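Asker: Quick one: structure below, then a few questions.
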Amino acid sequence: MTWIRRAVSLALAASVTVTPLFAQQTHVLEPSELRALVEAQDARRDGNREVVARVLQRPRVQQVAERLGVDVVRVQQALMTLDHNEMQTLADQARQVESELAGGQSVTLSTTFIIIALLVVILIIVAVD
């Protein structure tokens, strides 16, 4: 019986000693670092949404949309429903359109194609949702 008491005492002492050691483990990321990462991701998402919305406001884009019978207001509302990857893809296309249109270049077939593709992708995503 004495060896059972010793074993129980030893196990109890070990659990009391080991538990605080596990509690002192450091996190991979500090809460402030995690918060900064989340804020950076939010800022990227907002920036992507902003560039797409800005391109949709351009007169040339509105003309192309009108010719295709696309309701730009509906497309703008649909931007809020897109996930991160979809928004990133559209933002990349929108940046390309924006740089070509903002540079004073004449609108080429490729720019018009990108605008149409941008609108069609948004409409497909909205239709699926």
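Every number here is computed from the coordinates shown, using simple stated rules; none is lab data. Predicted model, so just to flag it, every value in this text is computed and none were measured.
Asker: Long-range amide H contacts for ARG58: which residues qualify at under 5 Å (H placed 1.01 Å from N, peptide plane, sequence gap of 5 or more or a different chain)?
Answerer: Residues meeting the amide H criterion: none.
Asker: Read phi for every residue in the range 64-71 and hand back ³J(HN,Hα) as whole Hz from Karplus 6.51 cos²θ - 1.76 cosθ + 1.60, θ = phi - 60°, with x for Gly and Pro.
Answerer: 4, 4, 4, 4, 8, x, 9, 7
Asker: Taking 0.36 nm per residue of separation and subtracting the Cα-Cα distance, what length does fully extending GLU50 through SER99 add?
Answerer: The GLU50-SER99 span can extend by a further 16.2 nm.
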